[in-house]
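> Shown below is the structure under consideration.
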Amino acid sequence: MPPQIDSDSMPGGAIELAPSVVVRAPKLGKKEQANARSNVTMTEMKNVGLTDTIRNVRDTRSITGEEFNTLSLWLFICSFVFNGAVCGVMFYFFSFNSHFADDDNTIVLYVTLGVLCLVLLEVALTAGYCLIRRNAPLLKCRVRTHMFINFLMMVIVVLVAFPISVDDLGIANLPEPVRIALLGTQSLAVSIAVASQVARQRLIYVLFGIGSRINQTEPKWAYGITLIFLCSTSILTMIPFVFLYKFEDGRYRDWSELPITILSILYVCLLLVYTYLTHSSQGVNESYSDWRSNVRVGLVLTMAILFSCAAKHGFTRAFKESNFLLLPTYVALFTVAVVILDIFGTVALITAMGYELKGRLDPQRTKFSSSHHALPEDKDRRKSRGEISMYSEHKLNTVPNRLLCDSLQIDPKVMRCSDENTIDLMQMSADVARI
């Protein structure tokens with residue numbers, strides 16, 4: 001039977017985490033208990049509409065996991081409709097209305113440049129802002145490397161689309177090696193962005209979902225190894241891309257992007273598989289989980305990849321001399337805008353507004369995978385007695401615990417309850433099954 005330490009007996013309110021220690025939360029009065037339970041609101045128990053969600057968030061200046069999901073869904077819908085309308089209307093005008101087209105296609109180029117700038121603005125206001133505020137509690141759970149890679153790859157996709165459009169419209173004829181490099185860079189950037197999303201989801205899967213089947217040191221390298229492997233595979237697909245593009249004077253040029261297209265779809269499938277496995281474990285809260293966003297992103301990417309591929313092999317043959325040549329470019333711009341807003345839009349908005357994180361959106365209410373050997377205690381007994389199972393001191397320095405402690409801004413070896421950093425032990429004991 002491990003020793004029990006009453007936190008009231010510790011000087012200065014410090015709680016030393018000795019090996020195999022069970023920390024008993026101090027008894028709280030009725031008022032304190034009510035405040036501790038206030039983080040779990042009725043909106044965590046049921047689905048609420050957009051109007052009620054906005055009203056609750058505005059009145060309480062806080063947001064819960066269910067409210068986060070509602071806002072994310074509606075932001076995705078608004079982004080899909082808005083960006084679809086902008087890209088669709090602009091493309092329709094210069095493709096079907098001769099009044100908006102001229103002999104040298106300069107109007108079409110200016111319209112395309114305007115849409116491109118709009119998408120860049122959306123990327124900067126979401127992913128760019130998240131990078132600037134990367135030390136915010138909710139953004140720490142997003143993996144900084146993941147945010148940077150997605151931001152960089154989306155910017156590359158948008159910027160490369162402009163010279164490709166100039167070449168497609170015949171305004172300037174790019175040398176063939178330059179066009180090959182631009183097309184390869186754009187396809188590779190899309191593939192790496194999806195690979196980064198897969199790597200992050202695998203990291204969350206390792207930390208939260210797989211039980212005792214994984215070595216304790218693997219989470220340290222889970223993201224990096226996965227990302228390097230997937231990116232290396234993407235780079236290797238550039239070899240068949242160049243070969244098909246140049247083979248027999250471009251006879252199979254229309255099929256040159258097929259290898260990396262297939263690879264990107266495989267990455268999306270892998271992302272959805274990891275998303276399903278992580279969600280099935282029911283051990284990850286909304287501050288780390290992106291399963292709803294991953295499903296939406298996966299569907300949008302799959303439809304965009306397939307539609308773009310069909311456009312290149314179908315529409316461009318039927319309308320070789322028309323502005324249908326720009327259809328893949330507009331599909332790419334629309335996809336970038338929708339995906340980047342879905343991944344980073346809601347978290348950027350919450351961070352900018354400074355809302356308090358409550359319920360399942362609070363990083364403190366987190367439990368990690370049992371692969372890290374939490375003490376075997378009965379869950380109901382622990383909840384009823386207000387106890388928290390802790391690691392031995394040498395296991396508190398593992399990667400998932402450092403990730404958690406970094407989010408909480410506490411020392412992984414010594415938790416001190418002070419005015420600057422108060423930890424609600426009663427609340428944590430009800431939700432943190434394994435740390």
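The values are calculated or read from the model by the stated rules, or taken from the named source; none is laboratory data. Because the structure is predicted, anything quoted here is derived from the model rather than measured. Cβ atoms come from the backbone with ideal geometry, glycine included; neighbour counts cover every protein chain shown.
> What are the residues in segment 64-97 that are among the β-branched types (Val, Ile, Thr) and either at pLDDT 90 or above or surrounded by fewer than 18 Cβ atoms within 10 Å (Cβ to Cβ) (or both), if any? Walk me through how you get there before you give the answer.
Just the residues of segment 64-97 that are among the β-branched types (Val, Ile, Thr), to begin with: 64, 70, 77, 81, 86, 89.
Selection gives THR70, ILE77, VAL81, VAL86, VAL89.
> Here are some conditions: (1) touching a strand residue (DSSP E or B) at 6+ places or on another chain (Cβ under 8 Å); (2) on the phi > 0 side of the Ramachandran plot. GLY170 meets all but one. Which one does it not meet?
Among (1) touching a strand residue (DSSP E or B) at 6+ places or on another chain (Cβ under 8 Å); (2) on the phi > 0 side of the Ramachandran plot, the lone unmet condition for GLY170 is (1).
> Please enumerate the residues belonging to segment 121-158 that are in contact (Cβ under 8 Å) with a residue 40 or more places away in the chain and more than 16 Å from the chain's Cα centre (by Cα).
Within segment 121-158, VAL157, VAL158 qualify.
Conditions (1) modelled with pLDDT under 80; (2) surrounded by 15 or more Cβ atoms within 10 Å (Cβ to Cβ); (3) in contact with a Leu (Cβ under 9 Å, 6 or more places away or on another chain); (4) not charged (D, E, K, R), marked per residue:
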residue	(1), (2), (3), (4)
VAL190	no, yes, yes, yes
VAL198	no, yes, yes, yes
GLN201	no, yes, yes, yes
ILE204	no, yes, no, yes
LEU207	yes, yes, yes, yes
ARG213	yes, no, no, no
MET238	no, yes, yes, yes
PHE243	no, no, no, yes
LYS246	no, yes, no, no
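> I need the full set of residues from segment 123-144 which are touching a helix residue (DSSP H, G or I) at 6+ places or on another chain (Cβ under 7 Å) and either among the polar types (S, T, N, Q) or under 27 Å from ALA172 (Cβ atoms) (or both), in order please.
VAL123, THR126
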